[in-house]
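*Asks:* Dropping a structure here in structure tokens format, bear with me for questions.
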């Protein structure tokens, strides 16, 4: 005879955990999908397939976790011990591989250093204006991130570039550039120019503040790295803006990593309590772990399993965006490292 659901604390606990896993899986799918759609142009600039591969893996494992959570609910409803054990093992293995894909995304954040900066400079000087895919990627990045060039105040990167030679060719003398003092000389492309912000939506419009002043001004930026302020051109470089953009995904992955670790610890604690203390303590275990996350308190008797602990102790905490996690989850990570 099957008891009412309210009289089955183990089933209730597993339903609750599976509900979190369903939300976790949906969040991973949404994060990966948005990242792929929103970062297509940025991956062209940095030349790294690692970031995109990690996002595809996030979507894949998000789908797996989603289906496993549904299967776990079925196993809990039937109270089949074999199915429940299989479910716990498979969920732990899936989260292990999820950490691998998350690490790939986060590793890209740390690899966005000098090598990526040199690659961006090279693509801007030698390929921008020459190949459509690179040109579109740079235009989208500079417009959306509101930046220009690679470094801050780095408008000079366009000087003598392929784009510069092509755009500023003298139409009357073939193979000759216009003089930089010419009023028709363009120092930067239009994507470096400030666009008007819609006062209602806060989004950029297609109207430029002053396109002519942005591209051709002779008395300061972009003709010179200093001088009178030119409010029609972006001063920030795209390297720092792009790094901040990627860091946003690092923070999101930090939250996902903390949730995945914490949810796995609940499964481990539930198995231990079922073996040593009986069913009555399992609900207490679940509630205590919820309070750990909500109130920022630690529980030294609840250790993360050794497999996931190895992953985080093998690399610095900031690789997981740990500085952005709630205090309770951050303390769990730190106590596990000790």
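*Asks:* Using the 10 angstrom Cβ neighbour count as an exposure proxy, how do 34, 239 rank, fewest first? The partial results should precede the final answer.
*Replies:* Details: 34 13, 239 22.
Ascending number of Cβ neighbours within 10 Å: 34, 239.
*Asks:* Related question: Could you line up 207, 144, 174 from fewest to most neighbouring Cβ atoms inside 10 Å? Walk me through the intermediate numbers first.
*Replies:* Values: 207 10, 144 15, 174 7.
Going from least to most buried by this count: 174, 207, 144.
*Asks:* Okay, next question. Quick one: order 208, 172 by neighbouring beta-carbon count within 10 Å, fewest to most. Could the numbers behind the result be given before it?
*Replies:* Working: 208 16, 172 7.
Least crowded to most crowded, the residues run 172, 208.
*Asks:* Counting pairwise Cα distances across the stretch 129-187, what percent come out greater than 18 angstrom? If you can, show how the numbers build up before the last one.
*Replies:* Numbers: 701 of 1711 pairs.
That fraction is 41 percent.
*Asks:* Moving on to the next point. I'd like the FRET efficiency for residue 23 and residue 172, computed as 1/(1 + (r/R0)^6) with the beta carbon distance as r and R0 of 45 Å, rounded to 0.05. Could you put the intermediate results ahead of the total?
*Replies:* Values: r = 66 Å, r/R0 = 1.46.
It comes out at approximately 0.10.
*Asks:* What percentages, rounded to whole numbers, describe P(r) for the stretch 115-163 computed over all alpha carbon pairs with 5 Å bin width beginning at zero?
*Replies:* The calculated distribution, bin by bin, is 5, 23, 31, 32, 9, 0.
*Asks:* In square nanometres, what is the average projected area of the Cα convex hull of the stretch 153-235? Write out the running numbers ahead of the final one.
*Replies:* Working: hull surface 23.5 nm².
So the mean shadow area of the Cα hull is 5.9 nm².
*Asks:* What is the calculated FRET efficiency for residue 198 to residue 34, with r their C-beta to C-beta distance and R₀ = 22 Å, to the nearest 0.05?
*Replies:* Working: r = 22 Å, r/R0 = 1.00.
Efficiency for this residue pair is about 0.50.
Each reported figure results from applying straightforward, stated rules to the coordinates on display, with no laboratory input. Predicted, not measured: the structure shown is a model, and the values here were computed from it. Reconstructed Cβ throughout: ideal geometry from the backbone, glycine too, with neighbour counts over all protein chains shown.
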